[in-house]
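Shown next, in structure tokens, is the structure this report addresses.
Every number here is computed from the coordinates shown, using simple stated rules; none is lab data. What you see is a predicted model; the values in this text were computed from it and never measured. Positions of Cβ are generated from backbone atoms using ideal geometry, with glycine treated the same way; all protein chains shown enter the neighbour counts.
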Amino acid sequence: MQVSNDSNHVFFFLNFYNCQNQIPFSSLQGKNNIYFYPMQKVAIIGAGISGLAASVRMAVKGYEVTVYEANSYPGGKLSEFQINGFRFDAGPSLFTLPELVDELFTITGKNPADFFTYQKINPLCIYFFEDGTRIRAHADQEDFLKEVESKTHIKKETVKAYLRKSKFIYEATAHLFLERSLHKISSYLRLETLWSILKLPFLHIFETMDTVNYSYFGNSKLHQLFNRFATYNGSDPYRASGILNLIPHLEFNKGAYFPEKGMHQITQSIYQLALDSGVKFEFNSKVQKIEVENGNVKSIVVNNSGKQADVVICNMDVVPAYRLLLPDQEQPKHLIKQERSSSALIFYWGISREFSELGLHNIFFSGDYKKEFQAIFSDKTIYVDPTVYVNITSKYKKEDAPIGMENWFVMINVPSNDGQDWPLLIHQARIHILQKLSRILKVDLSSFVITEEILDPLSIETKTQSYKGSLYGTSSNNKMAAFFRHPNFTSKIKNLYFCGGSVHPGGGIPLALSSARIVADLIPIAQK
């Protein structure tokens, strides 16, 4: 940046004003003979879903973008693999807010429907209980309300009121918590934020999810069903804030979807869009260090080679990012000490028959939900009667399994890696899962498992650099957890930004995509 007539005071003011209000540099050009020489090269560390989205957004803003990925493929957790004729989406399996993916195509001038297709699913999920009760969460809300009333005797009006409140919480908070940085003063100098603050007493921030859900449904199956949504960001409903009851709105009011070619299509579509937008990718390229000089990003070191960068966007888990890539910089000790979110133990099973009673998403509930979460977060172990999630994409995409067979993605929530005896825990969990599913489905399920692969907290940590194998960074068990997440930038190092599930606003596909948008909004348009 160059300032004529030694107008340092003008430079300081405009630079500060721009940083706080995120005004593109172009709007300050040509006045008072002030000229800006903007940054041009952006290096993105990690080709996870947030890194991919950020690469598209930065290319649209006129930057030369290169993404460096340690693995040989893009997508991070949102990847796929095939074995013995079965295809599996390896990571996230639920798709909500598809407009966040569509938007990436729209900002590049493309019609999303020409490149990325998906369909609304029905039912949203099928819930199984030990006493034989089965609740189908129909996509049509009226059908769902009738189903609930017939299976639980809870009045339709009660459930409808709960879902209205879920929508209210979402709409009162989304523009601040999900769409903007919580760590910029400008985010709070808005009428929408003032309106949200006035609504705070009605958002259940200082109550737990469980307390709020119990007040609606008592000790019922529906109480357990809605407590489950705490797992969407790896938290404990008996400790997490009631504000998280906004999550059901995404499914029950807005809907859940399935990409035509499976969840991995999200990765592939955004990756191809990035390539079409001029983004360069270097795979098998592990970033070893972020070079900082005089408090400003200078370059990154990749495979022992320096790469100049004006802006660095880190899509790596923020804890190992600081420890491995910024070892000489001040470490965020408070972040490292925060409780981690839960992790996952996943069995990818090729099943040699079809189950007509199952859908795309299926939940087999624990008999004692509170004890299950106590085991995960307090005892740091796997509960003997875990809640089991079964995802079967061959229900919608037949070619994902051989004819007459199904591909089962079988997951339970488990603690993050803290030195447990994982081989033993995995062995015991496999037995308990098979027993539970066999008991509820009234079959010997083990006799139908013909293919198996396993993903556990240790392999999650190794493959995705997720600290302790946690899926969502820090947990949301603290009432003010949203404010304790690492910002999407650091005030200590200029031009270094962070996106992905370990920073604001959190984990999961919608929040990871929102994270990329927040980062892009913090960075000015490149000047030619």
Determine the gain in length on full extension of the stretch E293-I205; use 0.36 nm per residue of separation and subtract their C-alpha separation, reporting nm with one decimal.
27.5 nm
Listed by chain and number, the aspartates and glutamates with an alpha carbon less than 19 angstrom from that of K333, same-chain partners under 8 positions apart left out, are D317, D418
If you place +1 on the Cβ of every Lys and Arg and -1 on the Cβ of every Asp and Glu, how big does the dipole about the Cα centre of the range 361-465 come out, in debye to the nearest 20?
360 debye
Most packed first (mean Cβ within 10 Å per residue), the peptides 237-247, 502-512 order as 502-512, 237-247
Order of 298-306, 52-60 by packing, highest average Cβ count within 10 Å first?
52-60, 298-306
Can you sort Y383, Y118 from fewest to most other Cβ atoms within 10 Å of each residue's own Cβ?
Y118, Y383
State the extension gain, in nm to one decimal, for the chain segment bounded by R164 and S215, taking 0.36 nm per residue of separation less the distance between their alpha-carbons.
16.8 nm
Among I121, M263, I44, pick out the residue whose Cα is farthest towards the positive end of the charge dipole of the chain, where Lys and Arg carry +1 and Asp and Glu carry -1 on C-beta, about the Cα centre.
I44
Using a simple spin-label model with points 7 Å from Cα along the Cα→Cβ vector, what separation in nm is obtained for L324 and E130?
4.1 nm
Got a sec? Charge dipole of the chain, +1 on Cβ for Lys and Arg, -1 for Asp and Glu; which of Y162, L360, F229 is way out at the positive end?
Y162
Select from N284, P248, L273 the residue farthest towards the positive end of the dipole of the chain; place +1 on Cβ of Lys and Arg, -1 on Cβ of Asp and Glu, and compute about the Cα centre.
P248
Mind giving me the FRET efficiency for E157 and E354? R0 is 60 Å, r the Cβ-Cβ distance, nearest 0.05 is fine.
0.95
Dipole in debye (nearest 20) - the range 273-396, about Cα centre, beta carbon charges: Lys, Arg +1; Asp, Glu -1:
180 debye
Relative contact order of the chain, please, whole-number percent, based on alpha carbon pairs below 8 angstrom and at least 6 residues apart.
23 percent
Using alpha carbons only: equivalent-ellipsoid semi-axes of the chain, gyration tensor based, whole Å:
41, 26, 22
If the chain between S491 and K371 were fully extended at 0.36 nm per residue, the gain over the current Cα-Cα distance would be 39.1 nm
Could you sort the peptides 466-473, 425-432, 490-497, 256-263 by per-residue average Cβ neighbour count (10 Å cutoff), highest mean leading?
466-473, 256-263, 490-497, 425-432
D276 and Y73 label points (each 7 Å along its Cα→Cβ direction) are spaced in nm at 2.2 nm
Would you work out the charge dipole size for the chain about its Cα centre, treating the Cβ of every Lys and Arg as +1 and the Cβ of every Asp and Glu as -1, and quote it to the nearest 20 debye?
860 debye
Could you tally the net charge around T211, taking each other residue with its Cβ under 14 Å from the Cβ of T211, Lys/Arg +1 and Asp/Glu -1?
+1
Order these by the 10 Å Cβ neighbour count, fewest first: V297, V101.
V297, V101
E453-S150 FRET efficiency (beta carbon distance; Förster radius 45 Å; 0.05 resolution):
0.70
May I ask for the net charge around K337, where only other residues with Cβ less than 14 Å from the Cβ of K337 are counted and Lys, Arg are +1 while Asp, Glu are -1?
+3
List the pair-distance distribution P(r) of the range 298-414, using every Cα-Cα distance, as the percent of pairs falling in each 10 Å bin from 0 up to the bin containing the longest distance, rounded to whole percents.
11, 26, 20, 22, 18, 4
What lysines could a cross-link reach from K254, if we take a straight Cα to Cα line under 20 Å and drop same-chain neighbours fewer than 8 places away?
K120, K146, K156, K160, K165, K167
All other residues with a Cβ under 14 Å from the Cβ of P423 taken together, and with Lys, Arg as +1 and Asp, Glu as -1, what is their net charge?
-1
Which of T152, T474 has the fewest Cβ neighbours within 10 Å, and the rest in rising order
T152, T474
Mind giving me the FRET efficiency for V443 and A139? R0 is 25 Å, r the Cβ-Cβ distance, nearest 0.05 is fine.
0.35
